[in-house]
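The values are calculated or read from the model by the stated rules, or taken from the named source; none is laboratory data. These figures come from a predicted structure and were not determined experimentally. Neighbour counts run over all protein chains shown; Cβ positions are idealised from the backbone, glycine included.
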Amino acid sequence: MKNLDSVFAAYIVGWGVFFVFYLTIAKRTSNLRAELDRLKNSLPRAK
Amino acid sequence: MSGRGILTRWICFVGIVGLLGYGLLLALKGSPPDANQGNMIRAFYYHFPNWIGVSVFLPLNLVASIAYLVLRTQNPVAAMKSDALALASAEMGVLYCTLGLVSGSLWGKEAWGIWWTWDARLTSTFVLWLLYVSYLLLRTLIEEPERRALLSALFGIFAFLDVPLVFFSIRWWRTQHPQPVIMGGSGSGLDPTMSKVFFFSVLAMHVLAAFLIVERYVLEKMKSEFDFLAREVEAQ
């Protein structure tokens, strides 16, 4: 069917953007969680 | 993160991919081609849900910005949560707006033979995108959390003034962009087969949006906690 490939490609590219956005959030959350744990552990020592 | 948290996140992720996949299948196979546009009408099931997403996230940003201003003296913790929600919703709004503009431009090239035109709808939408990108940039330029939250809330309220203009632009002026398909009065509306595919696509995109905004909000709240603890460590 005419144009069907380009519609399909547009969907996949659009979802790809969401997927990359999610991966970025997940990576930032995981890094921050590690940093936060490190900081929490350092607090009692500082006291 | 606990094992249960990871499992829940994976179940959500797989469920959303399933919903989107089924939505795509419906868009490609379950909807008849349009009499005028042929298969390009299938882009509608992706393009329009993006704008419904924008119409949820930007009002959410407005409500969170107002909540910050109301709460900032009485309840600073709740105020900072509102600020985190304002940021998460603005980011999601910009993401959905970007995809709406890009998909609209691709569709416009097929339907009208041009990528872009400066009509009232497209121009006001581009201004909207610029305003919320500026909102996000503003947040990166201010270091002090309370000052950043206050100025962002004020700017968020100002930026929202463009939203009604975008919504009414195709009702008030003659534009290259088509008149409203949904809620456009007599003569508007979708064929029942198309309605089913359309509402499923909207549902799938919104489940994805809800998942992403929760993840983004959690990240921002964690960042606030980190900043607070870092300041405490520095003070000691």
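Annotations
- Just one of (1) aliphatic (A, V, I, L, M); (2) within 14 Å of chain A (Cβ to nearest Cβ); (3) not in a helix (DSSP H, G or I) fails for B:LEU190. It is (2).
- Test: residue in the stretch B:158-169 that is modelled with pLDDT under 90 and farther than 30 Å from B:GLY23 by Cβ: no
- Test: residue in the stretch B:144-152 that is over 19 Å from B:MET80 (Cβ atoms), at pLDDT 90 or above and in contact with a Phe, Trp or Tyr (Cβ under 8 Å, 6 or more places away or on another chain): no
- Among the residues making up the stretch B:204-234, those that are more than 10 Å from chain A (Cβ to nearest Cβ) and of a type in the set (Lys, Arg) are B:LYS221, B:ARG231.
- For the stretch B:12-65, the candidate set comprises residues that are among the hydroxyl-bearing types (Ser, Thr, Tyr) and in a helix (DSSP H, G or I); within that set, the residue that is nearest to the other protein chains (Cβ to nearest Cβ) is B:TYR46.
- Members of the stretch B:44-66 found to be within 8 Å of the chain's Cα centre (by Cα) and among the hydrophobic types (A, V, I, L, M, F, W, C), listed by number: B:TRP51, B:ILE52, B:VAL54, B:VAL56, B:PHE57, B:LEU58
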